[in-house]
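Notes follow the structure.
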Amino acid sequence: MDSTVELRPARQSEAVAISRLLADCWRQDYAEYLGGQRTEHLIATYCPVGRITVEISGSGAGDGWLGWLVADHDEQVVGAAAGGIATIGSGEVYTLCVAGEHRRRGIGGGLLAALTEQQQGRGAAEQWVGAHGPDDPSLPFLSRQGFTADAGQSSPTGIRLRRTL
């Protein structure tokens, strides 16, 4: 990973930047795949600044929510991730994104490694993540990170992937 990128917990003042980053990444990666209306619905649900502000202040609220991590490059948020412990021994990656111009520089893998470290510190022996379907744009990255589809956990509208930690 680029040595000018710092991975760290998000600051309250970065809620707007995280919101914009998530919305930009979802539009770039999912508008064509999911359709514009569904993508905008997801953005409206998961990217409001108020929601992210509360989530940043809630880091440490319990193992189910371990907070936001960011990748900071020259005081600019270029990546963000969040996760927690979904059930005893199982970590969950709730979201992970990297700005388009900063991809393929190890930032996504670095954020995932930081989430994994948090989760292992709380007893996770496996990690889960959801994808929107068999052609989800995140699948190549997730496969390279060791995630595989779990047929028993998938549905027509989504795929659950898991990896052993």
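Things worth noting here:
- Panel order for Glu32, Glu92, by other beta carbons found within 10 Å of each beta carbon, from fewest to most: Glu32, Glu92.
- For Cys97, Cys47, order by how many other beta-carbon atoms lie within 10 Å, fewest first: Cys47, Cys97
- Computed packing ranks the peptides 100-108, 70-78 as 70-78, 100-108, most packed first, by mean other Cβ atoms within 10 Å.
- CD proxy at 222 nm, helix term only [per DSSP H run n ≥ 4: -39500 (n - 2.57); per residue of the chain; nearest 500]: -11500 deg cm²/dmol
- The Cβ shell under 13 Å around Asp72 holds other residues with a net charge of -3, Lys and Arg each +1, Asp and Glu each -1.
- Cα gyration tensor category, rounded, prolate or oblate, for region 1-79 with a/c compared to 1.5: oblate
- Bridge orientation summary for the chain: considering DSSP beta bridges with both residues in this region, about 90 percent are antiparallel.
- The fewest-to-most ranking of Thr4, Thr95, Thr87 by surrounding Cβ atoms within 10 Å reads Thr4, Thr87, Thr95.
- Under the convention that each Lys and Arg Cβ holds +1 and each Asp and Glu Cβ holds -1, the size of the dipole of the chain around its Cα centre is about 240 debye.
The numbers here are math on the coordinates, done by the rules we state, and not lab data. This structure is a prediction, so every number in the text was calculated from the model and none was measured. All Cβ positions, glycine included, derive from the backbone under ideal geometry; neighbour counts span all protein chains shown.
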